[in-house]
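Below is one structure, written out as structure tokens, with a few remarks after it.
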Amino acid sequence: MAGEFTLAEMSKVEKDTLRKSVLDTLLMESNIMEIVPWETIGALATTIVRMGTLPSVGFRKINDGYSSGTASFEQRVENISLMGGYFDTDKAIARAKNTIANARAITQVMMTKAIAYKFNDKFINGNPESDPEEFKGLKERVTDLYDEGYTGQLVDFQCNGVGILNSETTAHAFINSLDSMMYQVKGHKVDFLLMNSKTLLAVRAVMRKARLLDQTKDQFSRNIDVYNGARMIDIGVTANQTTEVIGECETAAGAATGGESSSIYAVRFGIGEYAWGIQEYPMEVDDKGLLEDKPIYRTEMDWPVGLAVADPYSIARGIDIIADASS
């Protein structure tokens with residue numbers, strides 16, 4: 001399915017009841033899946049053309065020509081990762097009459113939640129160097145940009161052990177740093193700010209006190225916090241249900257420090273222009289029925305996905321953010 005769409009838009013028009021149930025569960029468990037625009041590329045990789053050096057422009061004398069100016073472009077390859085799973089239920093459990101709910105439906109919900117949590121994690125922390133099967137997440141991408149000379153995409157909030165709720169001074173310093181990070185994004189327009197739950201609650205308190213917080217609702221009537229046009233999102237936890245995708249004690253490289261520093265990621269989405277999701281083909285959910293070699297009912301979910309970034313200024317990361325009143 002070509003063109004730009006999100007899973008939220010797909011859910012509204014999906015007619016297959018099995019696939020729609022999976023889509024809706026993903027949307028309930030993953031805010032980021034709800035908002036990422038997807039492009040179907042029909043391949044396992046795609047080449048991204050990134051603008052490099054602009055051509056030179058000058059002045060000329062009468063009857064003279066202009067100096068030749070040539071623009072440069074960089075080509076980057078973005079790869080697809082094969083994500084999915086089997087929803088297996090033993091025939092004996094599926095046919096038991098004394099269960100309080102449909103066993104296959106419960107298994108499907110549990111597996112779909114696990115897939116959502118996995119995507120959330122890899123969207124931030126994906127690192128093909130440590131696991132070649134996963135796509136590269138925002139953390140590694142910002143680090144790469146910094147190493148390439150795009151140092152403005154990594155912004156140090158310099159909390160230095162003092163929480164943003166500590167005083168009016170620290171709150172204002174945080175807002176200034178947040179504005180600086182958002183300003184680094186192309187067009188100074190950020191679509192989404194991604195953070196963990198503790199940071200979101202603290203940022204919400206800071207913005208509410210400063211009367212800078214706007215709120216709206218999503219398709220499930222959940223409250224959405226908005227600052228300066230950017231939707232603030234708690235990206236949630238990993239599949240173990242306790243570990244935050246964005247940690248509370250990390251360095252710029254994401255390593256544990258024993259402190260309370262966290263990060264906020266700024267993203268601008270746009271297919272072919274900023275950041276966006278890529279898929280070889282749209283998600284497929286197939287009921288395989290009862291397997292021939294074992295008494296198992298199986299449902300298969302298959303989704304070859306990845307992340308693409310065309311403009312280095314479409315993402316940014318803020319570090320050293322203390323989301324409490326500590327001093």
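Results, tabulated for the structure shown:
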{"item": "Yes/no for residue 74 being closer than 30 Å to residue 312 by Cβ, touching a helix residue (DSSP H, G or I) at 6+ places or on another chain (Cβ under 7 Å) and acidic (Asp, Glu)", "result": "no"}
{"item": "Test: residue in region 311-319 that is in a strand (DSSP E or B), surrounded by 14 or more Cβ atoms within 10 Å (Cβ to Cβ) and out of contact with any helix residue (DSSP H, G or I) (no Cβ under 7 Å at 6 or more places or on another chain)", "result": "yes"}
{"item": "Residue that is among the β-branched types (Val, Ile, Thr) and touching a Ser or Thr at 6+ places or on another chain (Cβ under 9 Å), where the choices are 175, 124", "result": "124"}
{"item": "Near pairs, Cβ below 8 angstrom, 6+ apart or cross-chain, from region 154-167 (in contact (Cβ under 8 Å) with a residue 12 or more places away in the chain) to any residue that is among the hydroxyl-bearing types (Ser, Thr, Tyr) and in a loop (DSSP other than H, G, I, E, B)", "result": "161/326; 161/327; 162/326; 162/327; 163/326; 163/327; 166/326; 166/327"}
{"item": "Residues (under 20 Å from residue 306 (Cα atoms) and aliphatic (A, V, I, L, M)) located in region 3-35", "result": "7, 8, 10, 22, 23, 26, 27, 32, 33, 35"}
{"item": "Filter result for residue 298 (basic (Lys, Arg) and at pLDDT 90 or above)", "result": "yes"}
{"item": "Failed item, numbered, when residue 125 is tested on (1) over 16 Å from residue 184 (Cα atoms); (2) at pLDDT 90 or above; (3) out of contact with any helix residue (DSSP H, G or I) (no Cβ under 7 Å at 6 or more places or on another chain)", "result": "(3)"}
{"item": "Residue pairs meeting the criteria (Cβ under 6 Å; at least 6 apart or on separate chains; first under 17 Å from residue 19 (Cα atoms), in region 281-304; second in a loop (DSSP other than H, G, I, E, B) and β-branched (Val, Ile, Thr))", "result": "304/80"}
{"item": "All positions within region 121-171 that are in a loop (DSSP other than H, G, I, E, B) and buried (at least 19 other Cβ atoms within 10 Å of the Cβ)", "result": "126, 134, 135, 136, 137, 157, 159, 163, 164, 165"}
{"item": "Members of region 210-257 that are at pLDDT 90 or above, of a type outside the set (S, T, N, Q) and more than 19 Å from the chain's Cα centre (by Cα)", "result": "210, 211, 212, 213, 214"}
{"item": "Yes/no for residue 176 being over 19 Å from the mean Cα position of the chain (by Cα), outside any helix (DSSP H, G or I) and in the same structural domain as residue 155 (by TED's automatic domain parsing)", "result": "no"}
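The values are calculated or read from the model by the stated rules, or taken from the named source; none is laboratory data. Remember, it's a predicted structure, so these values are computed and weren't measured experimentally. Neighbour counts run over all protein chains shown; Cβ positions are idealised from the backbone, glycine included.
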